[in-house]
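> Here you go, one structure.
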Amino acid sequence: MQTAPRLAIDYGTACTRAVLAWPGRPWHPLVIEGTVEPSSAVHVARDGTITAGAGAWRLAADDPDGFVGAPLAEGTGTVRVRGRTVPIADLVAATLRLVAGEAIRIAGVLPADVRMSVPAGWDPARRTWLRQTAHQAGLGRPQLIEAPLAALLSTKADPPPASGPPASGSPLSGTTFALVCDVGATAEVSVVRADPQGAEVLATVSAPDAGGRAIDDRLVAMLLNTSAPDQTAGAGSGVEAVLRAASPATVAVLRTGKEAVSLQPAVTVPLPARGAAVVLSATLVEQAAEPVLRRLTELAAEALRAARLGAVDLAAVYAVGATAAMPAVSRVLERQLNVPVRTAAMPAAAVVLGVAEAAGAAAPVSEPAPKVPKLTALRALGLVAPGLASVGLFSHFVFTARGATASSWAELALAGVLGLVLCLAAGPWIGAALARDAGARGRWDAAGQISAGLLTADAFGVTVAALYAVAAGLYLVAPFGEPLQWSLLPVLPAALLAAAVAVLIRRRLSPPVIVEFPLVATLILSAGSVLFAVTAGETGAGPWVEMASRAGGALIGVGVAFLLFRIRVLQALAAVVLGVFGFFIADPRALGVFGVGVGIAVAVWWGQRLLALVRT
């Protein structure tokens with residue numbers, strides 16, 4: 001049997017990398033729109049549509065106002081685009097959806113084991129934000145792996161170089177200290193302590209002016225200052241105009257050229273203008289990078305000071321990230337620290353490969369929805385009773401109404417509330433049926449199944465109440481206003497709270513649970529409502545009918561008590577008080593009070609469930 005794959009994602013400032021990894025098999029990079037490093041850039045259209053990846057760059061050529069080149073560089077709050085406030089989470093989720101879609105295409109389903117890298121310097125609030133954003137993108141609840149630990153793990157095959165005489169941090173003592181320099185669009189430098197039991201980050205510092213984006217900016221400035229025939233091919237004035245505009249496309253092609261000179265002395269880079277190009281040499285790029293790399297060495301020194309260590313305590317220095325492919329990075333670090341620098345074989349992919357290899361508490365192989373409750377005789381009765389009671393109350397109202405009196409219309413309130421109770425009680429089974437839809441297969445997780453079932457049931461319940469009102473108005477040839485008022489108003493508070501519960505279940509990161517409406521309260525309310533409504537209007541029918549009417553009122557009071565309180569002692573006390581109260585106010589004129597009271601009690605019960613979810 002084929003083992004389930006693991007999805008590893010490294011969402012970066014400039015680009016995103018993702019791989020699928022199966023145990024015992026080579027990892028498989030996700031190729032999105034023709035590249036293994038799709039851009040993290042997005043484009044926001046005038047109507048709010050968000051386009052990610054290569055499509056964002058194409059749209060930016062004609063509509064630069066909606067382009068956001070690096071959402072992660074804007075923080076974790078909101079960003080202004082076209083004068084509107086856009087949550088950065090929505091921008092990041094757009095790129096992550098591309099990753100999720102490609103993973104599903106390759107693996108057939110979205111892997112349950114999803115892992116993402118996270119900067120070591122991120123606090124718990126930002127880490128939670130990243131997990132929520134991934135959840136919003138349909139990636140479930142990913143495990144977060146700190147980027148320096150992942151980078152260290154991906155280079156574990158080769159032993160770190162020696163660092164001189166044995167010290168407290170030497171390999172001979174069983175504990176080593178390493179400096180991990182993650183130099184991508186920005187830079188993060190971390191001191192990592194490793195021993196046979198594992199590794200931990202001791203200190204980490206980061207800066208946006210010590211990575212590839214800062215080098216790109218300096219490169220554009222230098223090319224402007226040195227624009228001359230020997231630097232250009234084609235029209236020199238066109239080159240200068242393109243460089244001064246510094247469009248996202250210009251920066252992108254210069255970044256590609258900058259990475260190419262890591263492998264060859266010079267390259268000609270065509271600019272996004274007819275006949276315009278520049279020649280990039282390794283010397284020019286290193287000149288642009290020199291002050292940026294000095295800043296990188298300052299970060300390294302700062303991280304060591306924060307960890308209360310010196311360069312002599314380091315067993316190794318690791319350089320990872322796309323910019324680390326530049327030979328100047330390792331050369332400058334070695335000169336400053338006097339420690340050999342190990343550059344990952346694939347610097348840009350080092351973190352995502354380490355994330356794929358990381359051990360620890362992973363997500364389960366699969367995350368099925370909690371088992372749908374077994375349809376026992378009691379549960380079946382809990383579904384049948386409110387349904388029959390609802391239909392019975394509506395039928396009794398229609399065939400006994402003698403005009404649009406308040407008491408007769410109020411019978412619709414009880415019928416509508418009981419119809420909603422039936423539908424919401426059937427929510428788990430509705431969700432299970434929806435989950436079998438082939439169109440949703442592969443994208444349907446446990447929270448989605450429960451939430452969809454509850455929302456669908458909620459919509460059914462409100463629809464039933466509305467249909468009762470419309471049918472009653474048509475049958476009695478009466479305006480729809482009053483029946484809609486009596487049928488819908490008692491139902492809406494509970495319906496809105498149930499919808500909020502469903503949405504919260506879908507968005508929460510903790511494992512979802514099925515919400516079951518209390519069966520005993522359902523049975524008591526169903527019996528009491530029918531008994532009271534049917535006998536309340538039978539005046540002069542004898543003491544037994546009146547006693548049945550009062551018994552129905554008492555049962556409604558007991559059922560309401562069971563909904564309002566969860567503690568057994570309070571339930572018992574409230575049941576006595578409300579039962580006695582219901583017994584004595586059982587009167588045809590109080591039918592509206594009972595209908596609205598039951599609706600409020602159901603709403604309070606759902607409000608309690610919502611509050612419990614918010615608190616956990």
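The values are calculated or read from the model by the stated rules, or taken from the named source; none is laboratory data. None of these values were measured; they are calculated from a predicted model. Cβ coordinates were reconstructed from backbone atoms using ideal geometry, including for glycine residues, and neighbour counts include every protein chain displayed.
> Any chance you could count how many residues in the stretch 62-101 are in a helix (DSSP H, G or I) and within 14 Å of D47 (Cα to Cα)?
2
> Any chance the stretch 31-38 includes a residue that's within 25 Å of I145 (Cα to Cα) and outside any loop (DSSP other than H, G, I, E, B)?
Initial filter on the stretch 31-38 (within 25 Å of I145 (Cα to Cα)): 31-32, 35-38.
Within this subset, residues satisfying the condition of being outside any loop (DSSP other than H, G, I, E, B) are 32, 35.
Scanning the stretch 31-38 turns up at least one residue that is within 25 Å of I145 (Cα to Cα) and outside any loop (DSSP other than H, G, I, E, B).
> Any residue at all in the stretch 104-123 that's of a type in the set (S, T, Y), within 26 Å of L179 (Cα to Cα) and outside any helix (DSSP H, G or I)?
Yes, the stretch 104-123 has at least one match.
> Quick one: count up the residues across the stretch 87-128 that are crowded, with 19+ Cβ neighbours inside 10 Å, among the hydroxyl-bearing types (S, T, Y) and out of contact with any Ser or Thr (no Cβ under 6 Å at 6 or more places or on another chain).
1
> Can you tell me which residue in the stretch 9-30 is modelled with the lowest pLDDT, limited to those that are assigned to a strand (DSSP E or B) and touching a Ser or Thr at 6+ places or on another chain (Cβ under 8 Å)?
By that ranking, first place goes to C15.
> Just to be sure, is W27 closer than 28 Å to V320 by Cβ, in contact with a Pro (Cβ under 9 Å, 6 or more places away or on another chain) and aromatic (F, W, Y)?
no
> Sticking with this structure for a sec: Out of curiosity, is A61 surrounded by fewer than 19 Cβ atoms within 10 Å (Cβ to Cβ), in the same structural domain as D123 (by TED's automatic domain parsing) and in contact with an Asp or Glu (Cβ under 6 Å, 6 or more places away or on another chain)? Please lay out each step first, then the result.
On the way: surrounded by fewer than 19 Cβ atoms within 10 Å (Cβ to Cβ): yes; in the same structural domain as D123 (by TED's automatic domain parsing): yes; in contact with an Asp or Glu (Cβ under 6 Å, 6 or more places away or on another chain): no.
Here the answer is no, as A61 does not meet what is asked.
> Return the only residue of L378, L388 being out of contact with any Ser or Thr (no Cβ under 8 Å at 6 or more places or on another chain), assigned to a helix (DSSP H, G or I) and either at pLDDT below 75 or surrounded by fewer than 17 Cβ atoms within 10 Å (Cβ to Cβ) (or both).
Residue meeting the stated conditions: L378.
> Kindly indicate the residue of the stretch 39-60 that is assigned to a loop (DSSP other than H, G, I, E, B) and either among the hydrophobic types (A, V, I, L, M, F, W, C) or touching a residue at least 24 places away in the same chain (Cβ under 8 Å) (or both) and also farthest from R97 (Cα to Cα) among those meeting that condition.
R46
Residue by residue, here is whether (1) closer than 16 Å to D10 by Cβ; (2) touching a helix residue (DSSP H, G or I) at 6+ places or on another chain (Cβ under 9 Å) holds:
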| position | (1), (2) |
| --- | --- |
| V92 | yes, yes |
| P119 | yes, yes |
| P124 | no, no |
| Q136 | no, yes |
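> Looking at A349, A307, A362, which is the one that is out of contact with any helix residue (DSSP H, G or I) (no Cβ under 7 Å at 6 or more places or on another chain), modelled with pLDDT under 85 and not hydroxyl-bearing (S, T, Y)?
A362
> Let me ask something additional. Please go through the stretch 579-608 and pick out each residue that is assigned to a helix (DSSP H, G or I), more than 44 Å from the chain's Cα centre (by Cα), farther than 18 Å from L488 by Cβ and among the hydrophobic types (A, V, I, L, M, F, W, C).
Once the filter is applied, which keeps residues that are assigned to a helix (DSSP H, G or I), more than 44 Å from the chain's Cα centre (by Cα), farther than 18 Å from L488 by Cβ and among the hydrophobic types (A, V, I, L, M, F, W, C), the stretch 579-608 yields V580, F581, F583, F584, I585, A590.
> If only one of A533, A572 is in a helix (DSSP H, G or I) and surrounded by 17 or more Cβ atoms within 10 Å (Cβ to Cβ), which one is it?
Unique residue meeting the criteria: A533.
> Checking T51 against (1) under 19 Å from the mean Cα position of the chain (by Cα); (2) over 13 Å from D90 (Cα atoms), which test does it fail?
(2)
> Would you call A70 without any contact (Cβ under 8 Å) to a residue 40 or more places away in the chain and hydrophobic (A, V, I, L, M, F, W, C)?
No.
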